[in-house]
Amino acid sequence: TRSYQIRVGNFVGIQNTNTEVPAKYSLEQNYPNPFNPATNIKFGLPKGSFVTLKVYDILGREVAVLVNNLNLAAGNYVYDFDAAKITSGVYFYRITAGDFSDVKKMTLIK
């Protein structure tokens, strides 16, 4: 089997979208979905948190680390995920921030 590891450093690919602070943690459905090869993943932080955002394949194998335990200020963020180096299929993305964790499904069609 082939293993794909996409490592993204500090603020590459991630943007704070506005100055509003959300009332609660959130992870939105990626857009567009299905996508080829890029999609946006939006999330909100009601307070500063260490954030991890990873992508997994259908078997639960980690295929991309988008944000790796990065200390982000409260706010709304969007991550531009470029999946050009991974194959078509169903993937899951998971965020962990403080005590919050959530998972969403996305589909890559090439």
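Computed quantities for the displayed model
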read-out	value
Stretch gain in nm, segment ASP102-LEU59, where the contour uses 0.36 nm per residue and the Cα spacing is subtracted	13.7 nm
Label zone at THR17 (point 7 Å along Cα-to-Cβ), backbone N below 15 Å, the range 39-70	39-46
Positive-end residue, the chain charge dipole about Cα centroid, Cβ charges, pick of PHE50, THR17, ASN33	ASN33
Antiparallel bridge percentage (DSSP; both residues within the chain; nearest 5)	95
Highest-MSF residue in the chain out of VAL63, VAL55, VAL21 [GNM, Cα springs under 10 Å]	VAL21
FRET efficiency, LYS24 to THR87 (Cβ-Cβ, R0 41 Å, nearest 0.05)	0.75
In sequence order, calculated HN-Hα J values of the range 85-99 (Karplus, 6.51, -1.76, 1.60; Hz; x Gly/Pro)	8, 10, 7, 4, x, 9, 10, 10, 10, 10, 10, 10, 8, x, 8
Residue with peak Gaussian network fluctuation, the chain [Cα springs, cutoff 10 Å], from TYR31, TYR93, TYR77	TYR31
Normalised contact order of the chain, rounded percent, pairs of Cα under 8 Å and 6 or more residues apart	33
Cα Rg over Rh - the range 25-96, Kirkwood	0.96
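Just so you know, all these numbers are worked out from the coordinates, no wet-lab data involved. Note that the structure is a prediction, hence the values are computed from the model and not measured. Note that each Cβ is placed from the backbone with ideal geometry, even for glycine, and that neighbours are counted across all protein chains shown.
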